[in-house]
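K.L.:
Okay, handing you the structure first.
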Amino acid sequence: MKTTQPISRSEIQWTIAPVLAANNDPVRPEWIRIPSQGECRYTSLRRTYMHGLVRSGAVKSVLLRRKGMKSGIRLIHLQSLLDYIESQKP
């Protein structure tokens with residue numbers, strides 16, 4: 001019976017390259033969370049602006065929360081956000 005030897009840390013090849021789908025496109029999430037502070041990493045939009053887009057109905061969003069809870073997690077459909085940005089081009 002053949003036994004395998006553990007791999008040492010020096011043998012591991014590390015990368016910072018983005019994960020690619022089968023068609024070599026970078027993997028993008030379908031839903032993103034509104035940032036707790038600062039800017040969205042996909043669009044550079046600030047939190048306040050993103051909340052305004054949700055309130056106006058310009059982008060699709062959902063609120064995930066447990067039954068009976070007042071607060072939850074707001075998720076925005078990334079493609080609808082990107083479509084909105086694209087529609088603002090002159």
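K.L.:
Take the range 46-78 and flag every residue that is exposed (fewer than 11 other Cβ atoms within 10 Å of the Cβ), under 13 Å from Ile34 (Cβ atoms) and small (Gly, Ala, Ser).
P.N.:
The answer is Ser71, and nothing else.
K.L.:
How about the range 1-60: which of its residues are at pLDDT below 70 and within 16 Å of the chain's Cα centre (by Cα)?
P.N.:
Pro18, Val19, Leu20, Ala21, Asp25, Pro26
K.L.:
Mind listing whichever residues of the range 60-89 are farther than 17 Å from Arg28 by Cα and of a type in the set (A, V, I, L, M, F, W, C)?
P.N.:
Across the range 60-89, the qualifying residues are Val62, Leu63, Leu64, Met69, Ile73.
K.L.:
Hey, among the residues in the range 61-88 that are over 15 Å from Leu45 (Cβ atoms) and of a type outside the set (A, V, I, L, M), which one's farthest from the chain's Cα centre (by Cα)?
P.N.:
So, considering only residues that are over 15 Å from Leu45 (Cβ atoms) and of a type outside the set (A, V, I, L, M), the one farthest from the chain's Cα centre (by Cα) is Gly68.
K.L.:
Can you pull out every residue in the range 22-64 that is in a strand (DSSP E or B) and either hydrophobic (A, V, I, L, M, F, W, C) or touching a residue at least 40 places away in the same chain (Cβ under 8 Å) (or both)?
P.N.:
In the first step, residues of the range 22-64 are kept if they are in a strand (DSSP E or B); the result is 26, 31-33, 39, 46, 61-64.
Residues satisfying the conditions are Trp31, Ile32, Arg33, Val62, Leu63, Leu64.
The values are calculated or read from the model by the stated rules, or taken from the named source; none is laboratory data. Predicted, not measured: the structure shown is a model, and the values here were computed from it. Glycine also receives a Cβ, built like all others from the backbone with ideal geometry; neighbour counts cover every protein chain displayed.
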